[in-house]
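A short worksheet on the structure shown next.
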Amino acid sequence: MSYQNHGSFSFGGIDMYDEYGIMILDTGMPKDSFIPAIRSRKVAIPRRHGEYDFGAKYYEDRTLTLNCVTAKKLNDYSFRAYIREVAYALSKKSEIRLWNEPDKYYVGRLYDEIELTQMRDLGNIFTLNFTCEPFAYGQTKYEAFTDRQYIPNYKGTAPTPAYIEIVNKGSVPIKNIRISQINRRETY
């Protein structure tokens, strides 16, 4: 994908560089948080100092900020049509893949107004503030197993839901399937 070679991103499977000539301006990384904020679960109790903490364990959304520039030179009429196409492509919630992290993706959407700053004969600068789910997602794993007991080895950094699909590719029927959950030590 050429967005990986040109400091750009894909959104909803659309290579934003190939399709629209959009590049990320910053020479560094997109603006992102080290870790999303944890949702506070505190309550103030009368005649007691501070607040009672019920323990925080859920994360808030994260904001992924991309400072972009259009690399296409267009006349005034075609520019308005081009901007409408870009706005439509970015108008839904979808996967965001960045050039510097091709094996991970975020899921997010734009909620804020986007202002364009025109640069004479160089394109337009704009900032995309994506509101994303708290985590970066990785690959989907497909694993074949034949043992009676199968323990997947898939490490993540936070508890997330899992989707398990068992497909019998053999001719012998499978009976009495049991799925058990082994709880890991929770540290949140």
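The values are calculated or read from the model by the stated rules, or taken from the named source; none is laboratory data. Computed from a predicted structure; not experimentally measured. Note that each Cβ is placed from the backbone with ideal geometry, even for glycine, and that neighbours are counted across all protein chains shown.
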Just name the residue that is modelled with the lowest pLDDT out of those in the stretch 76-86 that are exposed (fewer than 14 other Cβ atoms within 10 Å of the Cβ) and not hydroxyl-bearing (Ser, Thr, Tyr).
76
Quick check on the stretch 90-114: of everything there that is out of contact with any Gly (no Cβ under 6 Å at 6 or more places or on another chain) and among the small types (Gly, Ala, Ser), which residue is modelled with the lowest pLDDT?
91
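The rows are residues; the columns are (1) assigned to a helix (DSSP H, G or I); (2) at pLDDT 90 or above; (3) surrounded by 14 or more Cβ atoms within 10 Å (Cβ to Cβ).
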{"residue": "28", "(1), (2), (3)": "no, no, no"}
{"residue": "43", "(1), (2), (3)": "no, yes, no"}
{"residue": "49", "(1), (2), (3)": "no, yes, no"}
{"residue": "66", "(1), (2), (3)": "no, yes, yes"}
{"residue": "74", "(1), (2), (3)": "no, no, yes"}
{"residue": "88", "(1), (2), (3)": "yes, yes, no"}
Restricting the stretch 125-176 to residues that are of a type in the set (A, V, I, L, M, F, W, C) and in contact with a strand residue (DSSP E or B) (Cβ under 9 Å, 6 or more places away or on another chain), which is modelled with the lowest pLDDT?
158
Where the second residue is charged (D, E, K, R) and outside any loop (DSSP other than H, G, I, E, B) and the first is over 16 Å from residue 20 (Cα atoms) and in contact (Cβ under 8 Å) with a residue 40 or more places away in the chain and lies in the stretch 86-106, which pairs have Cβ atoms under 7 Å and are six or more apart or on separate chains?
92/109
Conditions (1) within 14 Å of residue 129 (Cα to Cα); (2) touching a His at 6+ places or on another chain (Cβ under 6 Å); number of the one not met by residue 112:
(2)
Considering every residue within the stretch 99-108, establish whether at least one is of a type in the set (A, V, I, L, M) and closer than 14 Å to residue 11 by Cβ.
yes
Just for the stretch 1-26: of the residues that are in a strand (DSSP E or B) and touching a residue at least 40 places away in the same chain (Cβ under 8 Å), which one is surrounded by the fewest Cβ atoms within 10 Å (Cβ to Cβ)?
14
